[in-house]
Amino acid sequence: MTDSTPAASAPPATATARPSDRFVTYVHRLCESKQARAALRRGLGLPVERCTYMHRYLVPWLRDHDDPHQADVRRAYYAVASLIAARPRSARDTAPDDSTTISWFERANLGTSLGQAVAKGVLKSNSAESALHLMARQSSDAIHPGLPALVRQLQGGGVSVDWAVLLEDLARWNRQRDTVATRWLEGYFRTADGTTDPELPNSDEENGR
C-alpha cells in the first residue's frame, strides 16, 4: 500500500552515478510505500543483525549492485536507509536537491550540515562542536546509535543531509576515521556562524605549563 500523496523522489540516478547515489535514489523510491518506509524505519540505530524487517528490501539491491562484505560497510547502508525512512513529513514532502552535478568533494558532509544548523540557530555551537569532537574519537559502532536523534534535529530545523556522502563516510569510518573526521570538522568551521568567540585558555593554567 502506498501513501495517498507520494513522497518526493530523489534525483534520478544515471548509469554513471556513484553506487551511493543510486542506493539513495532506490531508498527514496521505496519510501513512497508506507509499508516499506515503516520497515526501514524500524532499523534506526540498530546493528544489521537486529534489522530483521529491512532485509527483504536491502539484500536484493546490495546483491545486485554493490554487495559489501565488510560488516561496518553493510551497516552504513542499513543506517542510511533507516535515516531516510525516518525523515519528518516536512523533509519527505520537499524535493531533495540534486547534488550529483556537484563535485564530490564540494558536497555537504555531516559537519557542513551541523555548521548550517548553527548558522540558522537550529543548534548551539558548543553542542555541535562537542558532538563532532566526540564522534571523532569513537568507532562507528558508537556513532550509529546517536545518529537518528542528531539527524532528526537537523531535518526538523530545515537542514538537509547529503545521504550519499554520509553513507560513504560511515562506510569508511573505521578504516579512515581521522580523514573523515577532519573533513567533517573542516566542513563545520567553513559553514558555522563564526560570531561566537572561542573560549580563551585560563592564563594561570597556561603559565603553569
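The values are calculated or read from the model by the stated rules, or taken from the named source; none is laboratory data. Small disclaimer: the values here were computed from a predicted structure and weren't measured. Counting neighbours? That spans all protein chains shown, and the Cβs are built from the backbone with ideal geometry, glycine included. We work out accessible area using only protein heavy atoms, side chains counted, and drop any ligands, DNA or RNA first. Shrake-Rupley method; radii C 1.70, N 1.55, O 1.52, S 1.80 Å.
Checked against (1) closer than 29 Å to A17 by Cβ; (2) of a type outside the set (F, W, Y); (3) at pLDDT below 95; (4) open to solvent by 30 Å² or more (accessible area, probe 1.4 Å), T179 passes all but condition (3).
Taking (1) modelled with pLDDT of 95 or more; (2) among the small types (G, A, S); (3) closer than 25 Å to D72 by Cα in turn, S139 satisfies each apart from (1). Pairs meeting the criteria (first residue in region 33-55 and loosely packed, with under 15 Cβ neighbours inside 10 Å, second residue among the β-branched types (V, I, T), beta carbons under 9 Å, at least 6 apart or on different chains) are K34/T2; Q35/T2; H55/V48.
Only helices (runs of 4 or more DSSP H) wholly contained in region 1-71 count here; list those with 2 or more residues that are under 19 Å from S160 (Cα atoms) and modelled with pLDDT under 75. Write out each step before concluding.
Values: elements: 19-30, 34-41, 55-64.
Fully inside region 1-71 and qualifying: nothing.
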